[in-house]
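*Asks:* First, the structure itself, so that you have it in front of you.
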Amino acid sequence: MKTLNDFLDEQLQDSEFREEYEKIQPEIEIIKALVKARISQNMTQQELAEKTGINQADISKIENGNRNPSLKLLQKLADGMDMILKVEFVPKPLKR
């Protein structure tokens with residue numbers, strides 16, 4: 001049985017798929033960071049919603065990739081988790 005990583009590795013061999021996959025990586029990284037931060041604080045989406053005034057359904061949409069949050073909204077979420085929002089620019093890896 002194939003794992004998800006095996007399947008992804010196969011799909012990434014297709015240049016069109018790889019290009020689209022790479023385009024969404026910044027969004028995926030934000031989602032993963034948000035979920036990881038919330039879980040590290042032992043908070044449910046509902047608890048985060050109560051601390052921030054952001055609707056729980058909206059937090060769910062962000063975490064599921066169905067809504068792109070603004071920096072202002074990400075800052076509000078960070079504040080609700082007693083965290084600092086950090087955005088950084090890093091060089092792309094060299095292509096060979």
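Throughout, read-outs are computed from the coordinates displayed, never taken from laboratory work. Quantities reported herein were computed from a predicted structural model and do not represent experimental measurements. Cβ atoms come from the backbone with ideal geometry, glycine included; neighbour counts cover every protein chain shown.
*Asks:* For the stretch 42-96, what D do you get in µm² per second when you plug the Kirkwood radius from alpha-carbon pairs into Stokes-Einstein at 10 °C and 1.306 mPa s?
*Replies:* Working: Rh = 12.6 Å.
D = 126 µm²/s.
*Asks:* For the charge dipole of the chain, defined by +1 on Lys and Arg C-beta atoms and -1 on Asp and Glu C-beta atoms about the Cα centroid, which residue among Leu85, Val35, Ile62 has the Cα displaced farthest towards the positive pole?
*Replies:* After comparing all options, I get Leu85.
*Asks:* Stretch Ile24-Lys86 to full length: gain in nm at 0.36 nm per residue minus the Cα-Cα span?
*Replies:* Stretched fully, the Ile24-Lys86 segment lengthens by 20.4 nm.
*Asks:* A follow-up question, please. Run the dipole for the chain about the Cα centre, Lys and Arg Cβ at +1, Asp and Glu Cβ at -1, nothing else charged, and hand back the magnitude in debye, nearest 20.
*Replies:* With only Lys, Arg, Asp and Glu charged at Cβ, the dipole is about 300 debye.
*Asks:* Also, quick follow-up: For the stretch 46-96 and the stretch 4-43, compute the distance between their C-alpha centroids and round to whole Å.
*Replies:* 15 Å
*Asks:* Return the calculated 222 nm mean residue ellipticity for the chain, to the nearest 500 deg cm²/dmol, obtained by summing -39500 (n - 2.57) across DSSP H runs with n ≥ 4 and dividing by the residue count.
*Replies:* -18000 deg cm²/dmol
*Asks:* Given (i) 1.06; (ii) 1.03; (iii) 1.12 as candidate values of Rg/Rh (Cα atoms, Kirkwood Rh), which corresponds to the one derived from the coordinates?
*Replies:* (i)
*Asks:* Go ahead and run the numbers for FRET between Lys51 and Phe7, Cβ-Cβ distance against an R0 of 41 Å, rounding to 0.05.
*Replies:* My answer for the efficiency is 0.65.
*Asks:* Once label points are set 7 Å from the Cα along Cα→Cβ at both Glu16 and Ala33, what is their separation, rounded to one decimal in nm?
*Replies:* 3.2 nm
*Asks:* Normalising by the residue count of the chain, find the relative contact order in percent from Cα pairs under 8 Å and 6+ residues apart.
*Replies:* About 21 percent, as a whole number.
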